[in-house]
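Structure first, then comments.
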Amino acid sequence: MSFLKAMMDHFCGSALISFEGDLSAIDIQNIPNTSTQPTGDLRRNTFDPQRDFIVLPLEAHTIDIIRNDILHRIGLSRRVDHILIAQDGKLVVGIYDRFDEGSVWVSPQTSRSFLDSLAEQDIINSYTFLTYSE
């Protein structure tokens, strides 16, 4: 959960976060501008069987509710299959298959110094910084 919280803190503002899985334990009524429909890059990753899906604004006025209420109720390791974060309309974090090793992606725009700081804090063990050439 430390990794997810670090990503939420880092990308908070002009951002959305989606959760996909068994979300029956949470109540999103007290968070304005939520949706149960995919939007932009925040799409379903499991189609059969179709799972619960929510999109929440990841903003200064919602982050505490998400961190202190939703994350504690949701059951990240048992009930949530996929978590995505988009900022300014672009996917910046993808956590797939219940945090399965090798199934976590962070945007190449994320600085190495930020990732290094997560490694120094033992939030992540390591990372591979991929570069693409055309």
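Each value in this text was obtained by applying a stated rule to the coordinates, not by laboratory testing. The structure displayed is predicted, hence computed values, not measured ones. Every residue, glycine among them, receives a Cβ derived from its backbone with ideal geometry; neighbour counts consider all protein chains shown.
Can you pull out every residue in the stretch 100-129 that is surrounded by 12 or more Cβ atoms within 10 Å (Cβ to Cβ) and not β-branched (V, I, T)?
At the first step, the residues of the stretch 100-129 found to be surrounded by 12 or more Cβ atoms within 10 Å (Cβ to Cβ) are 103-107, 110, 114-119, 123-124, 127.
Those that are surrounded by 12 or more Cβ atoms within 10 Å (Cβ to Cβ) and not β-branched (V, I, T): S103, W105, S107, F114, L115, D116, S117, L118, A119, Y127.
Entry remark, the stretch 51-90: residues being among the hydrophobic types (A, V, I, L, M, F, W, C), surrounded by fewer than 17 Cβ atoms within 10 Å (Cβ to Cβ) and assigned to a strand (DSSP E or B) number 0 in total.
For the stretch 91-118, a residue qualifies if it is assigned to a helix (DSSP H, G or I) and farther than 14 Å from H10 by Cβ, and the qualifying residues are D97, R98, F99.
What number of residues within the stretch 1-28 are in a loop (DSSP other than H, G, I, E, B) and touching a strand residue (DSSP E or B) at 6+ places or on another chain (Cβ under 9 Å)?
Of all residues in the stretch 1-28, those in a loop (DSSP other than H, G, I, E, B) come to 1, 12-14, 22-28.
After this cut, where a residue has to be touching a strand residue (DSSP E or B) at 6+ places or on another chain (Cβ under 9 Å) as well, the list is 12-14, 22-24, 26, 28.
Adding up the residues that qualify gives 8.
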